[in-house]
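A quick write-up on the structure given underneath.
The values are calculated or read from the model by the stated rules, or taken from the named source; none is laboratory data. Since the model is a prediction, treat every value here as computed from it, not as a measurement. Keep in mind that these areas ignore ligands, DNA and RNA; they rest on the heavy atoms of the full protein, side chains included. Shrake-Rupley method; radii C 1.70, N 1.55, O 1.52, S 1.80 Å.
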Amino acid sequence: MESGVHSGGCGRSSLEEVREWADRAGADGQEMEYIREVALSRAQNRRLAAGLRKQWAKLSLQVNARMHGDGPWDQARMTRQSCGLRTMIIEELGPDPDDPDWDPAAVASDIVSAIPLTSLQAHELSVRWHERPVEQIGLLRRIKNVTAPLERLQHHLPPGPLHDLALEWLAVRNHLP
């Protein structure tokens, strides 16, 4: 019996098999999403060794970066998925300041830099948000989605400006649609 992702044997596919499949995959978003989800599920598997889980997570991050377009919703989804996975690995396996993928400060910086507004601007837009044009409501929703990992990540940030900024965004997040 053939093992591999294509034959339905996802549970038996090696990291190398899935990595090769990702390298061969074209621009088919559905196929890339499936590969990302396979890698993500392995990264979340607590029965695997920490090093192997991180390798699966890296593959999921690579596929995630390749599969999204340049539009604002695609970019927000990519950032949310990436930073959410990175935060999960930090929480479960511990931070690693030598690897930016597992460094809480790098993840928080990536989240903040993905937001096109300041926290003050976002808060001002959130006042009576339901009266805003749909484009602004969409922007506020994207910000809320992107900042979600900060809730869990804040506990891993040392005191300082970045931690304060994360707390600022979490306070604003409570007011976003």
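Values as computed for the structure displayed
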{"quantity": "Along each principal axis, Cα extent of region 64-116, largest first, Å", "calculated": "32, 20, 15"}
{"quantity": "Sulfur and carbon atoms: percent of accessible area, the chain [1.4 Å]", "calculated": "52"}
{"quantity": "Percentage relative contact order, region 92-177, counting C-alpha pairs under 8 Å, at least six apart", "calculated": "36"}
{"quantity": "Distance histogram in 10 Å bins (all Cα pairs of the chain, percent per bin)", "calculated": "10, 33, 31, 19, 7, 1"}
{"quantity": "Solvent-accessible area of Arg24 with every protein chain in place, 1.4 Å probe, in Å² to the nearest 10", "calculated": "150"}
{"quantity": "Rh by Kirkwood over Cα pairs, then Stokes-Einstein D for region 98-177 at 0.890 mPa s and 25 °C, µm²/s", "calculated": "189"}
{"quantity": "Mean accessible surface per residue for region 1-156, computed with a 1.4 Å probe while every protein chain stays in place, in Å²", "calculated": "53"}
{"quantity": "Estimated [θ] at 222 nm from DSSP helical runs (n ≥ 4, -39500 (n - 2.57)) normalised by residues in the chain, nearest 500", "calculated": "-20500 deg cm²/dmol"}
{"quantity": "Estimated Rh, region 21-126: Kirkwood, alpha-carbon pairs, angstrom", "calculated": "14.8"}
